[in-house]
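Worksheet: the structure to be examined is printed underneath.
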């Protein structure tokens, strides 16, 4: 299953992240998880929210450049070796990982890895065949 992620480009200056957070908060949008990567001149805020269409609209109206990306969220054991198992499966399938970030899940000692793959369908198929729980929107937002 693919999940929509927002990629928001922002200047690498004080206060810019706060503006994005305020826009989302003012519109009642909760951030499930996020990742922020930076260069000297700009940053890329990647975030997952349930109301992604509304979030994209409100952020664009506020003047931010927003792109939608399809990512895969995978549930793993939150213990040593949990991620290793996943990347082994992906490597054997010949799929490239463009980036990944993680967060802990609200259920029974599990973590979630959010991946951007060069071939998400092939990656999802390989993971499912190996018995890995690939999360759908409904699983992630419960």
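The values are calculated or read from the model by the stated rules, or taken from the named source; none is laboratory data. As the structure is a computational prediction, the values presented were derived from the model and not from experiment. Cβ placement follows ideal geometry from the backbone for every residue including glycine, while neighbour counts extend to all protein chains displayed.
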*Which of (1) surrounded by 11 or more Cβ atoms within 10 Å (Cβ to Cβ); (2) assigned to a helix (DSSP H, G or I) is the odd one out, the single condition residue 84 does not satisfy?*
(1)
*Return yes or no: is residue 88 at pLDDT below 95 and under 22 Å from residue 130 (Cα atoms)?*
no
*Scan the range 91-112 for residues that are touching a strand residue (DSSP E or B) at 6+ places or on another chain (Cβ under 8 Å) and modelled with pLDDT of 90 or more and jot them down.*
95, 96, 97, 98, 99, 100, 101
*Determine, yes or no, whether residue 14 is under 25 Å from residue 123 (Cα atoms), loosely packed, with under 12 Cβ neighbours inside 10 Å, more than 19 Å from the chain's Cα centre (by Cα) and without any contact (Cβ under 8 Å) to a residue 24 or more places away in the chain.*
no
_Cβ pairs under 6 Å, 6+ apart, first in the range 109-130 and assigned by TED's automatic domain parsing to the domain that holds residue 97 and crowded, with 18+ Cβ neighbours inside 10 Å, second modelled with pLDDT of 90 or more and part of a helix (DSSP H, G or I)_ = 117/123; 123/90; 126/89; 127/89
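Would you call residue 76 surrounded by 15 or more Cβ atoms within 10 Å (Cβ to Cβ), assigned by TED's automatic domain parsing to the domain that holds residue 103 and under 29 Å from residue 122 (Cα atoms)?
Spelling it out, residue 76 is indeed surrounded by 15 or more Cβ atoms within 10 Å (Cβ to Cβ), assigned by TED's automatic domain parsing to the domain that holds residue 103 and under 29 Å from residue 122 (Cα atoms).
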